[in-house]
1. So in the range 150-189, with the set limited to residues that are among the basic types (Lys, Arg) and in a loop (DSSP other than H, G, I, E, B), which one is least open to solvent (accessible area, probe 1.4 Å)?
2. Being of a type in the set (Val, Ile, Thr) and part of a helix (DSSP H, G or I): is that true of residue 439 here?
3. Looking at (1) open to solvent by 60 Å² or more (accessible area, probe 1.4 Å); (2) at pLDDT 95 or above; (3) charged (D, E, K, R), which is the one condition that is false for residue 4?
4. List the pairs whose first member sits in the range 179-191 and is basic (Lys, Arg), whose second member is outside any loop (DSSP other than H, G, I, E, B), and whose Cβ atoms are under 9 Å apart, counting only residues at least 6 apart or on separate chains?
5. Please state which one of 138, 147 is farther than 30 Å from residue 320 by Cα, among the polar types (S, T, N, Q) and open to solvent by 20 Å² or more (accessible area, probe 1.4 Å).
6. Kindly indicate which of 249, 224, 228 is out of contact with any strand residue (DSSP E or B) (no Cβ under 6 Å at 6 or more places or on another chain), farther than 23 Å from residue 399 by Cα and assigned to a loop (DSSP other than H, G, I, E, B).
7. Take the range 54-68 and flag every residue that is open to solvent by less than 30 Å² (accessible area, probe 1.4 Å) and part of a loop (DSSP other than H, G, I, E, B).
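The values are calculated or read from the model by the stated rules, or taken from the named source; none is laboratory data. Predicted model, so just to flag it, every value in this text is computed and none were measured. In this analysis, Cβ positions are derived from the backbone assuming ideal geometry, glycine residues included, and neighbour counts consider all displayed protein chains. The area values use the complete protein model at the heavy-atom level, side chains included, leaving out ligands, DNA and RNA. Shrake-Rupley method; radii C 1.70, N 1.55, O 1.52, S 1.80 Å.
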Amino acid sequence: MTDRTAALDRSTQYFDTGGFQADLARLVAFPSESQEARGAPHLQAYLDDAMIPMLTSLGFACEVFANPSTTGGPILVAERIEDPALTTILSYGHGDVVRAQTEQWREGLSPFTLTEEGDRLYGRGAADNKGQHLVNIQAMAALIETQGRLGFNAKILIEMGEENGSPGLKEFCAAEAGRLKADVLIASDGPRLSPDRATIFTGSRGGVLFDLRVALREGAHHSGNFGGLLADPSIILAHAIAAITDARGQIQVPEWRPDSLTPRIREVLSVLPPVEAGLPLDPDWGEESLTQSERVFGWNSFAVLAMISGVPEAPVNAIAGWARATCQLRHVVGTDVDDILPALRRFFDARGFDKVEIVPAERGSFPATRLDPDHPWVAFAAASLERTTGLAPHLLPNLGGSLPNDCFAEVLGLPTIWVPHSYAGCSQHAPNEHVLKPVMRQALLGMTGLFADIAAGLHPQADA
């Protein structure tokens, strides 16, 4: 029996005999809500009581660091260095979760109790991200337990503030670049493109969050006495927002239209299956000349996340003095991030919207990243996953959402390979979050095979 086969057999037994489900239940039980003050003690406890015992049992040396940001959670770095001459893999996960939303879960489910129903395992963090980094850790465990070694060096970073925008993570990576030095990042977050086969993405769309505000005067004034005499901030704001896109959401700000949807990227996207969302999509929304895959993985999108003026829950006959909208631009590589808001300012001023103030958010923004889809590590990972699962993985140039990949791609200078273990219908960030057992089982075997192939020296770094 080869080392690869032995490791795959161990992972199969671990999953099929309930080991994975039991471990995931223990992780989900930590109410590690980073968006709520009540979650603060559980952020540290997740590392101290769950991650460190699991990783030290596998021969990892663990150290917990205070976050450089006062608003960020603790950060764990675990290392297993078998030989400095070996290839070093950095992996990543986050143990914090979004708000529980306990009262919105359906009857019979509780966010911090893992509940099995058919092929589904329900629990907050099961998909995002506890189940995903558990898969990767246990895939490494399979090699250690069956052959007594990994066959490569491994470093694992677990942060506890991703759901708050990863405050302090970039600063931490810059300060600890020597400690985190590696040859490649292999990590997991986000959904697969479809549940039946693996996905690889190599970066993420960025996100820029900002407010648009129109503040004309103190207080509100009677709409009968002053209608037609006082400018309405809501109408001004509505017209300004409407100018940003046309009626089908096509971006009109020239600088917001990226130049990176190259023929090669379009070729990569052209072979993907239709986007699965778990709800009906709107075929007549977005850039008309693009396919749905190109719109979400190769283009920018603008969204109004919230709008308010006056008192919506108790309107009165008055012209409000102010209006505000919280907006977001999701952007791909090929967009000048430093010019996103200045370009909008120029766009507004040229159209007479000088009364609209643009206020950048203090946090909640990520840069866009993307590794060349023809990079050798991408080809290696795809071939390994296909060897194990029998299906060629879907390849995305970047995730449609945002995650802190810039910390690894830009700060640490690593090629970044992301292999997500969830699926689009998992209710991530919503009530009734869950994972599918067949997806997690296939993911565990796929990652076990991937790490076994790295141990066997089949990876690109072996030829360097």
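1. 179
2. On the way: of a type in the set (Val, Ile, Thr): yes; part of a helix (DSSP H, G or I): yes.
So residue 439 fits the description; yes.
3. Among (1) open to solvent by 60 Å² or more (accessible area, probe 1.4 Å); (2) at pLDDT 95 or above; (3) charged (D, E, K, R), the lone unmet condition for residue 4 is (1).
4. Here the result reads 179/63; 179/77; 179/79; 179/155; 181/88; 181/90; 181/155, each pair linking the range 179-191 to a residue that is outside any loop (DSSP other than H, G, I, E, B).
5. Matching residue, one of 138, 147: 147.
6. Sole residue among the options that is out of contact with any strand residue (DSSP E or B) (no Cβ under 6 Å at 6 or more places or on another chain), farther than 23 Å from residue 399 by Cα and assigned to a loop (DSSP other than H, G, I, E, B): 228.
7. Residues satisfying the conditions are 58, 60, 67.
This table checks each residue for (1) touching a helix residue (DSSP H, G or I) at 6+ places or on another chain (Cβ under 8 Å); (2) more than 21 Å from residue 403 (Cβ to Cβ).
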residue	(1), (2)
305	no, no
323	yes, yes
350	no, yes
356	yes, yes
369	yes, no
